[in-house]
Amino acid sequence: MTAIQFFRGVDEPVIPDIRLTRSRDGRTGQALFVFEEPAALAPESMGDITGMFLLDEEGELVTREVKARFVNGRASAIEATYTWKNEVDFERFMRFAERYADGHGLGFAGQDDEAAAEAPEGESDPA
């Protein structure tokens, strides 16, 4: 089972928006996760969030770069950044991401996919 947790043993049910950035040479990069109205921010949640834990059959990926976004003094979202420093770590992250997407009925949209989706009907990239 592939899951994302903010508290060990408690899967976060909210599906995040995930955006990837990579260095020009492809070795390093980051994945920014944005969870809108996550269960981890509910009043009955278990306490302080100390990290984001990405779990799958290979094990666990962990980041401590987790922060809350506030609107009108109320926490409304969690933003977490997972950073990789080499190609092996990137490939491991992508295996997790593919398993998470498959397990939650999601797909990937690349930069080109987003541009095509934003173009008005009848206008497409002439390439």
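Do we have Thr81 as touching a Leu at 6+ places or on another chain (Cβ under 6 Å) and surrounded by 11 or more Cβ atoms within 10 Å (Cβ to Cβ) here?
Taking the combined requirement at face value, the residue satisfies it.
For the range 1-12, how many residues are farther than 13 Å from Gly105 by Cα and in a loop (DSSP other than H, G, I, E, B)?
4
Take Val71 and decide whether it is β-branched (Val, Ile, Thr) and more than 22 Å from Arg99 (Cβ to Cβ). Outline the logic, then answer.
Working: β-branched (Val, Ile, Thr): yes; more than 22 Å from Arg99 (Cβ to Cβ): yes.
Considered against the rule, which asks whether it is β-branched (Val, Ile, Thr) and more than 22 Å from Arg99 (Cβ to Cβ), Val71 comes out as yes.
Name the residue that is surrounded by the most Cβ atoms within 10 Å (Cβ to Cβ), counting only residues in the range 91-108 that are part of a helix (DSSP H, G or I) and of a type in the set (A, V, I, L, M). Break it down stepwise before answering.
Looking only at the range 91-108, we keep the residues that are part of a helix (DSSP H, G or I), and these are 91-103.
With of a type in the set (A, V, I, L, M) added as a condition, the list becomes 94, 97, 101.
On the way: Met94: 14, Ala97: 20, Ala101: 15.
By that ranking, first place goes to Ala97.
For residues that are touching a helix residue (DSSP H, G or I) at 6+ places or on another chain (Cβ under 8 Å) and surrounded by fewer than 15 Cβ atoms within 10 Å (Cβ to Cβ), scanning just the range 15-30, find the one that is modelled with the highest pLDDT.
Arg22
Which residues, counting only those in the range 31-59, are out of contact with any strand residue (DSSP E or B) (no Cβ under 6 Å at 6 or more places or on another chain) and either part of a strand (DSSP E or B) or surrounded by fewer than 15 Cβ atoms within 10 Å (Cβ to Cβ) (or both)?
Result: Glu37, Ala42, Pro43, Glu44, Ser45, Gly47, Asp48, Thr50, Asp56, Glu57, Glu58, Gly59.
Can you tell me which residue in the range 68-85 is nearest to Ala39 (Cα to Cα), limited to those that are at pLDDT 95 or above and of a type outside the set (A, V, I, L, M, F, W, C)?
Glu79
Quick one: Ala68 ticks every box in (1) of a type outside the set (Phe, Trp, Tyr); (2) in a strand (DSSP E or B); (3) crowded, with 17+ Cβ neighbours inside 10 Å bar one, so which box is it?
Result: Ala68 fails condition (3) only.
The values are calculated or read from the model by the stated rules, or taken from the named source; none is laboratory data. The shown structure was predicted, so the numbers you read here are calculated from the model rather than taken from an experiment. Please note: Cβ atoms are built from the backbone with ideal geometry, for glycine as well, and neighbour counts cover all protein chains shown.
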